[in-house]
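Here the structure comes first, spelled out in C-alpha cells, and everything after it is commentary.
Please treat every number below as a calculation from the coordinates, not as lab data. Quick caveat, the model's predicted, so the values are computed rather than measured. Positions of Cβ are generated from backbone atoms using ideal geometry, with glycine treated the same way; all protein chains shown enter the neighbour counts.
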Amino acid sequence: MNEMNLGIQLMGFGIIGVFTVLILFYFIIKALMKFFPDKKDNDIKNNS
Amino acid sequence: MEQLLEGVLGFHWQYLVMYLIGGVLIYLAIKKEYEPMLLLPIGFGAIIVNLPLKSVWEYTKELDVTATSLINKFPEFKDFLAENFSYVFENGQAFKVEPGILQILFNSGILTELFPVLIFVAVGAMIDFTPLFKSPRMIFFGAAAQFGIFFTVLAALFLNKLFPALNFDLKTASAIGIIGAADGPTSIFVASKFAKDLIGPISVAAYSYMSLVPIIQPPVIRALTTKKERMIRMEYKDTTVSKTTLILFPILITIVAGILAPISVPLVGLLMFGNLIRECGVLERLSKSAQNELANLVTLLLGITIGSTMYYDKFLKKETLIILALGLFAFVFDTAGGVMFAKIMNLFSKEKINPMIGAAGISAFPMSSRIVQRMAKEDDPENFILMQAVSANVSGQLGSIVAGGIVLAVVPWLLSL
C-alpha cells in the first residue's frame, strides 16, 4: 500500500485515538471528583 | 610500530566534526543551561565514541576459526551470530567483537527500553496532576498538541517520495514524528523499536528542541493569535482534590490505557506507578528516591549512552539534518495544533479560553506553561492563566505517551494489511 496513504491513515487513527483516550480520562477525572470529593470541601458546603 | 601508532593511524577527519558537534551540545548545556542533564552527557558521549578504534563501543575484533568454518558450511547462521554474539564478517571470515562499556549500556538500557521506562517512574513521581483535576477540560489540549507528531510523519513520507534515497519508510517516519511528543523517553522508546540506527539524531533533536521551547513557541503563538485573544482572562476555580482521587487516578489510568493500547503499558504503567508512589503518602522515601537518585542515575547513563550512538558514519549524513529539521517542524505544528484547537473550542464555548493555553498542551513541562503565562502578562499585566496552562501542560504528558502507544500499536498493524 502506498506509504503516504498509510501515513494519512496513521494520522487519522492517531488523532482520533489520542482524543478518544483523553476524553475517557476526562470522564474518569470527572467521576473521581464527583464520587470522591475532598472532605474539606464537603464540610464547607455543609456549614454554609 | 604500527600497533603503537594505531590511534593516530585510525584517526578520521570526520571525528573533528563530531568533536565540534559534541562541543556545541556541551556549550549549550553549560553556558545557556539548555537541558544540561541530557545535553552534556550526550555531547560528551558523541566525543568519546569518535576516538580511534572506538574502544568505548567495541574492542578489537579477533578471528574466530570455529565460527568461520561454521558460517562457511551454514551461511544462514551469519545473521544469528551477528545479532546475538557480536560477530562481524569480512572476506568469508568471522570475527568476534567484544562490546565495549557503552555498547553494553546501549544493549541493556536502550534496546531493552529499560532506561526510558525507569525515567518514566521518576517523571511520574515528579508530576502533580492536581491542576488537571481542578480544570479537567484542559486535558483536550494535551491531545490537540500531539498533532505535530502525525503531521511530521506525513512530511517525512512526503520527503521520501521526493527523495527515495532517504529511505524513510513508515516506521522510520513514525520514529521521527514522535519527536513532536516533546518527551525524551517516549522518543527513545519508539525509536528503539522502529529506527534503532536513528536513536542518536532523534534523541538529540527531541532534547534540544525541548530546551528551545522558549524560542520556538512564542513566534508561532503570536502568528496564530491576535492581541485581543491573548488578553482573554480565564476564571480559575480552586477546588481541593481528595487523596482517594489522587490514589485511584493512576491505577484507573493504567488499567484503561492497558486495555485500549496494551503496548503502551510500559510507558503509561510505569509513569502511573511513579505517580502512585508519590500520591499514596506512605512511601515518601521511595518517592524521593525516584525523583532524585533514580532520575539522576538513569539520566546520567542514558545521556552518555545516547551520545555514544553518534558515531560519525551514522550521524554525519544528510538524513540527520533532515531529521533535525523535521523535529523543529513537529514542535511548530504541535504548538499550532494546540492553539487552533483552542480557537475552535471558543466557537462553541461560552467561557472563552485563552488560545495560548493550547500551546501549553505539549509535554515540555513546566517550561511551556511558564512561556504562556509570560506572554499573557506581556499583553495584560494582570492576566493570570498559569494554573490553566499548567493543567494543559500536565495533560500533555498524558497525551504524548498515549500518542506514543498508539503509534507503536497502529504502525505494525497498518504494515500488516
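Scan around B:GLU58 for amide H atoms under 5 Å from its own, H built in the peptide plane at 1.01 Å from N, and keep only partners 5 or more places away or cross-chain.
B:GLY100
Could you compute the net charge surrounding B:GLU98? Neighbours are other residues with a C-beta less than 9 Å from the C-beta of B:GLU98; K and R count +1, D and E count -1.
Values: positive: B:LYS61, B:LYS96; negative: B:GLU58, B:GLU62.
Once all neighbours under 9 Å are counted, the net charge is 0.
How many nm is it between the label spots at A:PHE27 and A:GLN9, if each spot is 7 Å from the Cα in line with the beta carbon?
2.8
Multiply the residue separation of B:GLU6 and B:SER349 by 0.36 nm, subtract the distance between their alpha-carbon atoms, and state the gained length in nm to one decimal.
Residue separation times 0.36 nm, minus the Cα-Cα distance, leaves 116.5 nm.
In whole Hz, what ³J(HN,Hα) sequence does region B:232-249 give by Karplus (6.51, -1.76, 1.60; θ = phi - 60°), x for Gly and Pro?
4, 9, 10, 7, 10, 8, 8, 9, 9, 10, 6, 5, 4, 4, 5, 7, 5, 3
Helix B:265-279: angle to the longest alpha-carbon principal axis of chain B, degrees 0 to 90, nearest 10?
50
B:MET18: net charge of surrounding residues, Cβ under 15 Å, Lys/Arg +1, Asp/Glu -1, itself excluded? Please report the intermediate quantities before stating the final value.
Numbers: positive: B:LYS54, B:LYS314, B:LYS317; negative: B:ASP313.
Within the 15 Å Cβ shell, the charges total +2.
For region B:292-304, just list the computed ³J(HN,Hα) in residue order, Karplus coefficients 6.51, -1.76 and 1.60, θ = phi - 60°, integers in Hz, with x standing in for Gly and Pro.
Result, ordered by residue: 10, 4, 4, 4, 5, 5, 5, 4, 4, 5, 4, x, 5 Hz.
Please order B:SER391, B:SER264, B:SER192 by the number of other Cβ within 10 Å, starting at the fewest.
Details: B:SER391 28, B:SER264 25, B:SER192 22.
Listed from fewest to most nearby Cβ atoms, that is B:SER192, B:SER264, B:SER391.
Just to verify a number: FRET efficiency for B:ILE101 and B:GLU235, C-beta to C-beta distance, R0 = 41 Å, to 0.05?
Details: r = 55 Å, r/R0 = 1.35.
So the FRET efficiency works out to roughly 0.15.
Output ³J(HN,Hα) for region B:189-201: one whole-Hz value per residue in order, computed from phi by the Karplus curve 6.51 cos²θ - 1.76 cosθ + 1.60 with θ = phi - 60°, and x for Gly and Pro.
Along region B:189-201, the couplings run 4, 5, 5, 5, 8, 9, 8, 4, 5, 9, 4, x, x Hz.
In terms of the Cα gyration tensor, with a ≥ b ≥ c the square roots of its eigenvalues, is region B:108-416 rounded because a/c is under 1.5, prolate because a/b exceeds b/c, or oblate?
Values: a/c = 1.75, a/b = 1.18, b/c = 1.48.
Taking the square roots of the gyration eigenvalues as a ≥ b ≥ c, region B:108-416 is oblate.
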